[in-house]
Amino acid sequence: MLLVAAFTAAWIGFVPESQARAPVSAGTQTLMGAGVDTTTLTIVSNTPRQTHELVDGGLLVTIEPGKKATPTLFIRPAEGVWDLSSYGHIIANVTNLDKEKPLRMHMRVDNAGPWQNKPWNTEIIRVLPGKTQPVKVIFGHHHGFNPGFKLDPSKVTKVALFIEHPEEKYSYRVESVVAGGPAGEVPKVKAERVRVKPENGVILDAETRIGQTLKLTARGGTAQATEGGVALEFSGKAENAAAAIRPREGRWNLNEHLQVAVTLTNTGDSPVTPQVWLDSNKAPGDKVSFAEPIAPGEQATVVVPFMGQTLWEGPADATKKPAYGTGGTRFASNTTSAVFIAPDVQSPVSLRVDRIEAGMPPRQPMPDWVGKRPPVQGDWSLTFEENFDKPIDPEVWNIYTSNFWDKRSHFSKDNVIVGDGVVKLRFEKKTGHHNDDPSRKVTDYATGFLDTYGKWVQTYGYFEARMKLPDAPGMWPAFWTMPDRGVEAGPQWKRASIADGGMELDIMEYLSRWGPNRFTTAFHWDGYRKNHKATGNTTYFMPDEDGFVTVGILWLPGSVTVYTNGVPTSGWTNPRICSVRSYIKFTAVSGGWDNDPIDDSQLPADFVIDYVRVWQRADLKLETDGPQAP
């Protein structure tokens with residue numbers, strides 16, 4: 001779980017050069033600009049590098065060159081707050097006074113509250129040289145008008161305008177800051193951001209109104225609606241010929257499925273063995289061919305799994321970045337953009353697409369060894385076992401630590417709930433102090449935490465846990481390990497460094513936007529700053545009958561293999577594999593790099609852990625392994 005700190009997300013909106021300032025209409029309230037008594041405002045800057053001056057009803061701002069801080073201009077009422085409950089947005093009209101370079105202007109609209117909770121909405125605009133352009137924040141949305149912090153428009157404390165880390169001189173003028181739009185305004189969703197969940201997984205069948213729900217394109221041929229499906233004609237004269245069947249708008253969200261079945265009829269005169277694959281915003285999936293040629297007049301079905309057909313193997317060179325590895329898949333089922341169908345011959349081909357349906361494969365039995373021993377033979381012994389059938393043992397587990405991840409939640413003993421042979425790390429809307437310490441900060445969400453830092457470590461072995469993942473939006477649970485070099489190494493940031501042989505092993509990391517059948521495995525090394533490197537793999541899986549997934553990592557000198565429900569899903573052989581003793585972590589925070597906003601109505605959400613077990617091979621056991629002295 002890599003921690004990435006950023007002042008704002010880097011979404012930039014590009015406004016056409018011809019667009020002028022947004023007009024001030026009757027249904028608006030001017031917060032700053034012509035006709036507003038400036039004594040009702042407080043305007044301040046956070047750094048001497050930035051100066052401001054009221055001129056001709058506007059606000060002239062100058063930023064001197066420098067490398068430190070983010071010069072920010074704060075505009076707020078002299079007393080109290082702005083009650084903008086009658087409106088849906090704020091627009092600032094900004095003129096870039098530079099004639100040569102564009103201006104990346106951020107505008108943030110704030111409520112009161114701890115900064116850790118990020119009680120604001122932010123947008124960014126690229127103001128062209130010499131132009132006046134509007135930057136608009138819709139209440140409750142941010143970073144490209146995506147759902148964000150649920151800002152209370154009746155309690156707006158300030159508007160902040162800033163440029164991140166400018167190293168050159170900039171000058172701009174704020175012509176006006178105006179509230180407008182209807183209360184409860186909702187931004188128009190961009191077509192590419194629409195997500196469609198096909199009913200019962202059916203993308204195409206005989207009842208589909210193709211022109212209303214699908215978009216057809218073809219390279220080296222034609223694709224058009226016909227009775228009972230889609231008719232494909234390939235001339236045989238074009239290389240890389242293929243037809244694409246896409247959603248009419250946006251992307252398909254297939255995150256409740258694990259495969260797509262495509263049924264074709266050969267309407268031509270010669271046998272053909274088509275290839276089929278899926279595409280997504282992130283990357284395409286593997287190409288899959290029909291098992292045997294489809295004879296003229298015959299119908300056949302091919303199943304395209306989301307999971308890669310070959311085992312993911314980490315990069316051969318661990319000194320370079322990016323480090324992608326080979327095999328596996330980077331396909332993202334929740335942003336499926338197309339089904340591709342391609343002929344296998346350079347001759348005329350005619351096909352009819354009869355049906356496309358997302359679904360699930362038959363459930364496979366779990367191997368007998370899961371939960372009982374490592375997946376490979378050897379002189380193994382069980383060195384750690386926690387079945388959560390008794391209260392949490394403080395000599396084994398920590399329930400408190402710093403929250404480096406989502407900043408909005410605090411760790412509490414009340415959210416580590418043991419019962420019925422499992423532990424639940426519960427994420428819920430509950431105000432409280434971090435680590436239940438009255439001297440620590442207060443946040444609006446509580447969650448549970450477990451790790452063995454300073455209490456138990458092991459170098460190499462097989463680490464396995466059985467878990468049930470939460471489905472509420474915005475959840476980010478993980479099962480992982482971090483290095484612990486011991487008290488002699490100094491403070492935790494040195495003990496747990498992922499440099500000098502250390503490595504963060506994210507065995508199972510999950511974002512609930514991905515759906516119940518997908519997680520990622522990731523590896524991070526060489527520190528979290530400029531030398532940081534990372535690699536990893538997407539894993540698709542089917543939960544067991546009780547909704548759990550069992551994930552383990554076989555960690556040996558120079559190699560790791562991840563097993564999901566007893567099947568190897570990721571592997572990496574490299575001398576840079578972690579060689580430092582490590583401890584176990586379970587986190588249940590929110591957020592992450594590709595997630596939905598939290599929905600309070602779907603809380604509480606539980607990350608359920610049935611057991612965690614660790615084995616060690618006799619020839620790898622070290623005296624420093626096992627329980628640690630306090």
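The values are calculated or read from the model by the stated rules, or taken from the named source; none is laboratory data. These figures come from a predicted structure and were not determined experimentally. So basically every Cβ, Gly included, is an ideal-geometry build from the backbone, and we count neighbours across all protein chains shown. SASA here: full protein model, heavy atoms, side chains in, ligands and nucleic acids out. Shrake-Rupley method; radii C 1.70, N 1.55, O 1.52, S 1.80 Å.
Local charge sum around Ala206 (other residues, Cβ-Cβ under 9 Å, Lys/Arg +1, Asp/Glu -1)? Please list the in-between numbers first.
Details: positive: Arg355; negative: Asp205, Glu207, Glu227, Asp354.
My count for the surroundings of Ala206 gives -3.
Hey, got a sec? Which GluC sites (Glu not before Pro) in the range 473-576 land in a DSSP loop and have at most 13 other Cβ atoms within 10 Å?
Values: sites: Glu488, Glu504, Glu509, Glu545; in loops: Glu545.
Answer in residue order: Glu545.
Looking at the range 344-380, which trypsin sites (Lys or Arg not before Pro) are in a loop (DSSP not H, G, I, E or B) and have at most 14 other Cβ atoms within 10 Å? Write down the numbers at each step before the final one.
Numbers: sites: Arg352, Arg355, Arg363, Lys372; in loops: Arg363, Lys372.
Filter output for the range 344-380: Arg363, Lys372.
With every protein chain kept in place and ligands, DNA and RNA left out, what is the accessible area per residue of the chain? Probe 1.4 Å, answer in Å². Mind dumping the intermediate values first?
Working: 28200 Å² over 630 residues.
Averaged over the residues of the chain, the accessible area is 45 Å².
What ³J(HN,Hα) values, in whole Hz, does the Karplus curve 6.51 cos²θ - 1.76 cosθ + 1.60 give for the range 608-615 when θ = phi - 60°, with x put for Gly and Pro?
With the stated coefficients, the range 608-615 comes to 9, 10, 7, 7, 9, 9, 9, 10 Hz.
With the calculation restricted to Cα positions, what are the radius of gyration and Dmax of the range 192-286 in angstrom?
In order Rg, Dmax, the Cα atoms of the range 192-286 give 14.0, 41 Å.
What does the charge add up to near Asn403, with Lys and Arg as +1, Asp and Glu as -1, over the other residues with Cβ less than 11 Å from its Cβ?
Working: positive: Lys407, Arg408, Arg440, Lys441; negative: Asp406.
Computed value for this residue: +3.
In what sequence, largest accessible area first, do Val276, Val487, Val376 appear using a 1.4 Å probe? Spell out each step's value before the answer.
Working: Val276 0, Val487 105, Val376 55 Å².
Most to least solvent-accessible, the answer reads Val487, Val376, Val276.
If packing is taken as the average number of other Cβ atoms within 10 Å across a peptide's residues, how do 83-89, 315-321 rank, most packed first?
On the way: 83-89: 19.3, 315-321: 13.1.
The peptides rank, most packed first, as 83-89, 315-321.
For the chain, what ratio Rg/Rh do Cα atoms give with a Kirkwood hydrodynamic radius? All intermediate terms of the calculation are to be shown ahead of the outcome.
Numbers: Rg = 28.1 Å, Rh = 27.7 Å.
On the Cα set of the chain, Rg over Rh gives 1.01.
Magnitude of the Cβ-charge dipole of the chain, K/R +1 and D/E -1, about the Cα centre, nearest 20 debye? Mind showing how you got there, number by number?
On the way: 67 positive and 72 negative charges, 342 e Å.
In debye, rounded to 20, the chain gives about 1640.
Non-local amide H neighbours of Thr443 (under 5 Å, H modeled in plane, Pro and chain starts lacking H): which ones?
Residues meeting the criterion, in which the H sits 1.01 Å from N, are Gly432, His434.
Between the range 362-416 and the range 558-588, what's the alpha-carbon centroid distance in Å?
15
Report relative contact order for the chain in percent, whole number only (criteria: Cα-Cα under 8 Å, sequence separation at least 6). Don't skip to the answer; put the middle values down first.
Values: 1692 pairs, mean separation 78.8, N = 630.
Value for the chain: 13 percent.
Considering only the other residues whose Cβ falls under 10 Å of the Cβ of Trp82, what net charge follows from Lys and Arg at +1 and Asp and Glu at -1?
Values: positive: Arg76, Lys155, Lys158; negative: Asp83.
Once positives and negatives cancel, what remains is +2.
In the range 113-186, which trypsin sites (Lys or Arg not before Pro) fall in coil by DSSP and have 16 or fewer other Cβ atoms within 10 Å?
Details: sites: Arg126, Lys131, Lys136, Lys150, Lys155, Lys158, Lys169, Arg173; in loops: Lys131, Lys150, Lys169.
Passing sites in the range 113-186 are Lys150, Lys169.
Going from most exposed to least, what order do Thr122, Thr62, Thr39 have by accessible area with a 1.4 Å probe? Kindly include the intermediate steps, with their values, before the conclusion.
On the way: Thr122 0, Thr62 30, Thr39 105 Å².
From most accessible down to least: Thr39, Thr62, Thr122.
In sequence order, what are the phi-derived ³J(HN,Hα) couplings for the range 576-593 according to the Karplus relation 6.51 cos²θ - 1.76 cosθ + 1.60 with θ = phi - 60°, rounded to whole Hz, with x for glycine and proline?
Along the range 576-593, the couplings run 7, 3, 3, 10, 10, 3, 9, 10, 8, 9, 10, 10, 9, 9, 10, x, x, 8 Hz.
Once you've got the Cα coordinates, tell me which of Lys136/Lys197; Lys282/Lys424; Lys150/Lys429; Lys158/Lys407; Lys494/Lys533 are over 25 Å apart. Intermediate values should be presented prior to the final figure.
On the way: Lys136/Lys197 30 Å; Lys282/Lys424 32 Å; Lys150/Lys429 14 Å; Lys158/Lys407 22 Å; Lys494/Lys533 18 Å.
Violating the 25 Å Cα-Cα cut-off are Lys136/Lys197; Lys282/Lys424.
Kirkwood hydrodynamic radius of the range 92-175 from all distinct Cα pairs, in Å? Mind showing how you got there, number by number?
Working: mean 1/r = 0.0742 Å⁻¹.
Hydrodynamic radius (Kirkwood, Cα only) of the range 92-175 equals 13.5 Å.
For the chain, give the percent of accessible area contributed by carbon and sulfur heavy atoms, probe 1.4 Å, rounded to a whole number. Don't jump to the answer; show the numbers that get you there.
Numbers: 14170 of 28200 Å².
Exposed carbon and sulfur together represent 50 percent of the surface.
With a 1.4 Å probe and all protein chains in place, put Arg485, Arg195 in order of accessible area, largest first.
Numbers: Arg485 50, Arg195 95 Å².
Largest accessible area first, the list is Arg195, Arg485.
List, in order, the whole-Hz ³J(HN,Hα) value for each residue of the range 346-357 obtained from phi through the Karplus relation with A = 6.51, B = -1.76, C = 1.60 and θ = phi - 60°; use x for Gly and Pro.
8, 8, x, 9, 10, 9, 10, 8, 8, 7, 10, 9
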